[in-house]
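Everything on this sheet refers to the single structure shown next.
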Amino acid sequence: MTKTSRRLAPLYSLGLLVVFGAFIELAVRAGWILPNIVAPPSLVFPAFADLRANDEIVQPFVVTFIHVVIATAAAAALGLPFGYFLARNPTFDKAYRGWLAAAFAAPLVLLYPLFLVFFGRSYFTVVLMSTIVAFVPIAIHARDAFLGVPPVLLNVGKSFNVDKIQRFRLIELPAAVPTIFIGLRLGVIYALVNTIGVEFLIDFGGLGRVVSDLYAFFNIPQMYAEILLILVVSMVLLWSLDALQRWVRPQ
Amino acid sequence: MNRTRLIQSVTLIVILAIYEGLARSGWFYQGAIPPLGEIARAFVTQFGQPDLYANLWVTAYEVLIGFALAMAAGVLFGVVLGAAPLLGAVVAPFVDSLATTPKIIFLPIAMLLVGTGPPSKVLMAALSAIFPVMIAVAAGMREINPVLIRVGRSFRCTWWQMVTKIYIPSLKAPIISGARLGFGLCIVITLLSEIKISKLGLGFLTIDAYNHYQIPQMYALLLLIFVIAVGMNALITRLSSR
C-alpha cells in the first residue's frame, strides 16, 4: 500500500459509510426492505433529535460511563496487587494461575441471574459484574508484567543496594507498565461490553437499557440511533485507548 | 499433598464454607442462597429431566450452525482483507469498533430480521464469532511468507488454488486461534440471547428457573453451563496445540 493510499484510507472509509447509508436508504424506498426492520438514515438521523429531547443520550451515556470507570478502577485496585502478589509468590502463583486462566475463558457474564438473586436489579449488580469481568485480564497481565521484568534490571538494583520500595518504584513498575497497560485496556473493553450487555439484559441503567426499552416499544428508528451511538462510543473508547497506549509506550 | 494442592484445597474449602454459612445465616430471602447440598441434588436431578436434553440440543445446534457460518465468512473476509491492504485499511475502523461493541445490543435487529426463534440466536452466534476469526485471519495473511506467494504465482496458480494450497495452509495457526476465541463467544452470546428472549435452549431454562424462583435448579444449570463452556474451551485449546 502506497503512502498516498494510506493517507486517503480514512476518506475512503467515510465514502464507504456514505455509500452503505445510501444503499440502505434506496433499498427501503424501493420497498426491498421494510423500514420497520431496517431503519433508513432518513429516519435514524432525525431520531437522534428525539433521543436528545427525551434525554436518552447524555444521561444514559453518563450512567454507563461512570459504571465502566468505577468497575475498571475497582478491578485495577484489586487486580494489580493480586497480579504482583502472584508474581512474587511462586507457590500461590502455581495454585491460582490455572484458576485465573479458567476464569478468563469462562462466560462470567452468564452469572448475572445469580447476582440478580443476591443484589436485585441495581447499579451495584451492574458494577460488581463488570468489576469481576475486568479483574481477570488485569490480574493476569499484571502477573505477566511483573514476572517479565528483566533480571538484569533487578541485578542492577541489587548492586545499587536499593530497598524494596525503591526496587518497586524505580525498576519493577516502570518495566511492567507496558504489559499492565495491555491488561487495563482489555479490562476497560470488558467492563464496557459487560456493562452495556447487563444493562440490556436486565433492562436497567444506561445505554443498554435504552436499546432494550426502545425495542420493547418498537421504536425502531430511535433504537437504531441508540445502537449507532453505542458503536461510536466503542470506537472513541478504542481510539482513546490506542492513543494512550502509544503515549505510554511510543512505537 | 504438595503446597500448591494444599493452597487450592484450603481456598476452595474457605469459599464453600463462607457460602454455606451465608446460606444458613438467614440474612437473605428464604431460598435465595440454597445450601450446597440442595444445589448438588438439583445438579444430579437435572440429568434425569428430558427437558434438559431437548434444550441442550437446541443450544448446541444454534451454537454449531452460528459457528460454522462465522468460520466460513470470517476466513473468507479475512483472506480478502489481508490480501488487499487498502481495503483492509478502509474497513478497519468499522471492523475494530464492531469487534469491541457488545454484540448483545444487536439482538433486537436479529429478531426483527429473522424472528425471535432459534434463527436469531444462530445469527447472533455468527455475528459474535466472525470478528475474532476475520481479524486473526487478516493479520495472518499479512504475515505469510511472500516467497510462498511468489512461488504460487510463478506456477500460475488460479485464485482458488492460491487460497487452498498457499493461503489456508499458512493460515492454520490464526484460523485455530480465531476459532478458539470465536467459539467461546458463540456459546456466551447464544445463551445470553436465549436468556433475553426465547422459549427454547439452556439459557431459557436458566432464566425460566429464575422467574419461577427455582433457585437450586438455576444454580445447577449455571454450573452445567460453566462446565460445558470451560470444558469446550479446554478441548479446543488441547486440539489446537496438537
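Kindly write out, for region B:139-148 in residue order, the coupling ³J(HN,Hα) from the Karplus curve 6.51 cos²θ - 1.76 cosθ + 1.60 (θ = phi - 60°), rounded to whole Hz, with x marking Gly and Pro.
For region B:139-148, the Karplus curve yields 5, x, 4, 6, 9, 5, 4, x, 4, 4 Hz.
Hey, can you grab everything whose amide H is under 5 Å from the amide H of A:Ile33? Only 5+ residues off in sequence or another chain; H modelled, so Pro and N-termini drop out.
A:Val28
Distance between Cα centroids, region A:61-106 to region A:157-212: provide it in whole Å.
First find each Cα centre; the distance between them is then 8 Å.
Taking Cα atoms, how many degrees apart are the long axis of helix A:58-88 and the longest axis of chain A, rounded to 10 and kept between 0 and 90?
Between helix and principal axis, roughly 20 degrees.
Hey, got the dipole for the protein assembly as shown? About the Cα centre, +1 on K and R Cβ, -1 on D and E Cβ, debye to the nearest 20?
2020 debye
How much FRET efficiency would the formula 1/(1 + (r/R0)^6) give for A:Thr91 and B:Glu20, where r is the Cβ-Cβ distance and R0 is 30 Å, rounded to 0.05?
Given R0 = 30 Å and the Cβ-Cβ separation, E is 0.65.
Please sort B:129-135, A:26-32 by packing, taking for each peptide the average over its residues of neighbouring beta carbons within 10 angstrom, highest first.
B:129-135, A:26-32
Positive end of the dipole of region A:103-251, charges at C-beta (+1 Lys, Arg; -1 Asp, Glu), about the Cα centre: which of A:Val152, A:Tyr224, A:Leu237 has its Cα farthest in that direction?
My answer, from the dipole projection, is A:Val152.
Once phi is turned into ³J(HN,Hα) by the Karplus curve 6.51 cos²θ - 1.76 cosθ + 1.60 with θ = phi - 60°, what whole-Hz value does each residue of region B:30-44 show in order, with x for glycine and proline?
Running phi through 6.51 cos²θ - 1.76 cosθ + 1.60 with θ = phi - 60° gives 4, x, 5, 10, x, x, 4, x, 5, 5, 4, 4, 5, 5, 6 Hz.
If I take every Cα pair under 8 Å that is 6 or more residues apart in chain B, average their sequence separation and divide by the length, what percent do I get for the relative contact order?
Averaging sequence separation for qualifying contacts and normalising by length gives 26 percent for chain B.
List, in the order given, every pair from A:Lys94/B:Lys196; A:Lys94/B:Lys121; A:Lys94/A:Lys164; B:Lys172/B:Lys199; A:Lys94/B:Lys103 whose Cα-Cα distance in the structure shown is over 30 Å.
With Cα atoms farther than 30 Å apart: A:Lys94/B:Lys196; A:Lys94/B:Lys121; B:Lys172/B:Lys199; A:Lys94/B:Lys103.
Report, in debye and to the nearest 20, how large the dipole of region B:1-121 comes out about its Cα centre when Lys and Arg carry +1 and Asp and Glu carry -1 on their Cβ.
It works out to roughly 300 debye.
May I ask you to order B:106-112, A:103-109, A:158-164, B:171-177 by the average number of other C-beta atoms within 10 Å around their residues, highest value first?
Peptide ranking by packing, descending: B:106-112, A:103-109, B:171-177, A:158-164.
Taking every residue in B:84-90, how many Cβ atoms of other protein chains lie within 10 Å of its Cβ, on average?
The mean count of partner-chain Cβ atoms within 10 Å per residue comes to 5.
If you place +1 on the Cβ of every Lys and Arg and -1 on the Cβ of every Asp and Glu, how big does the dipole about the Cα centre of region A:51-248 come out, in debye to the nearest 20?
840 debye
Would you work out the relative contact order for region B:107-242, in percent, from Cα pairs under 8 angstrom that are 6 or more residues apart?
Computed over region B:107-242, the figure is 27 percent.
Taking +1 at the Cβ of each Lys and Arg and -1 at the Cβ of each Asp and Glu, which of A:Leu186, A:Phe61, A:Tyr112 sits farthest along the dipole of region A:51-248 towards its positive end, judged by Cα position relative to the Cα centre?
A:Leu186
Would you calculate, for the protein assembly as shown, the mean residue ellipticity at 222 nm contributed by helices, counting each DSSP H stretch of 4 or more residues as -39,500 (n - 2.57) and dividing by all residues, to the nearest 500?
For the protein assembly as shown, the value works out to -26500 deg cm²/dmol.
Taking loop as defined by DSSP and a crowding limit of 11 other beta carbons within 10 Å, which trypsin sites (Lys or Arg not before Pro) in region B:93-169 fit?
B:Arg156
Short version: ³J(HN,Hα) in whole Hz for each residue of region B:81-89, in order, from phi by Karplus 6.51 cos²θ - 1.76 cosθ + 1.60 (θ = phi - 60°), x for Gly and Pro, what are they?
Result, ordered by residue: 5, x, 6, 10, x, 5, 4, x, 5 Hz.
Could you work out the relative contact order of region A:51-248, using alpha carbon pairs under 8 angstrom and six or more residues apart, expressed as a whole percent?
28 percent
Could you sort the peptides A:11-23, B:214-226 by per-residue average Cβ neighbour count (10 Å cutoff), highest mean leading?
Final packing ranking: B:214-226, A:11-23.
Taking each residue in A:224-234, count the Cβ atoms of any other chain within 10 Å of its Cβ, then average. What number comes out?
Across the residues of A:224-234, the mean count of other-chain Cβ atoms within 10 Å is 3.
Whole angstrom only: what separates the Cα centroid of region B:100-131 from the Cα centroid of region B:178-227?
About 15 Å separates the Cα centre of region B:100-131 from the one of region B:178-227.
Residues of A:98-111, mean number of Cβ from any other protein chain within 10 Å of their own Cβ, rounded to a whole number?
Averaged over the peptide's residues, the number is 5.
Every read-out reported here was derived from the displayed coordinates using simple, explicitly stated rules and does not represent laboratory data. Nothing here was measured: the structure is a model prediction, and the numbers come from that model. Here the Cβ is made from the backbone with ideal geometry for all residues, glycine too, and neighbour counts use every protein chain on show.
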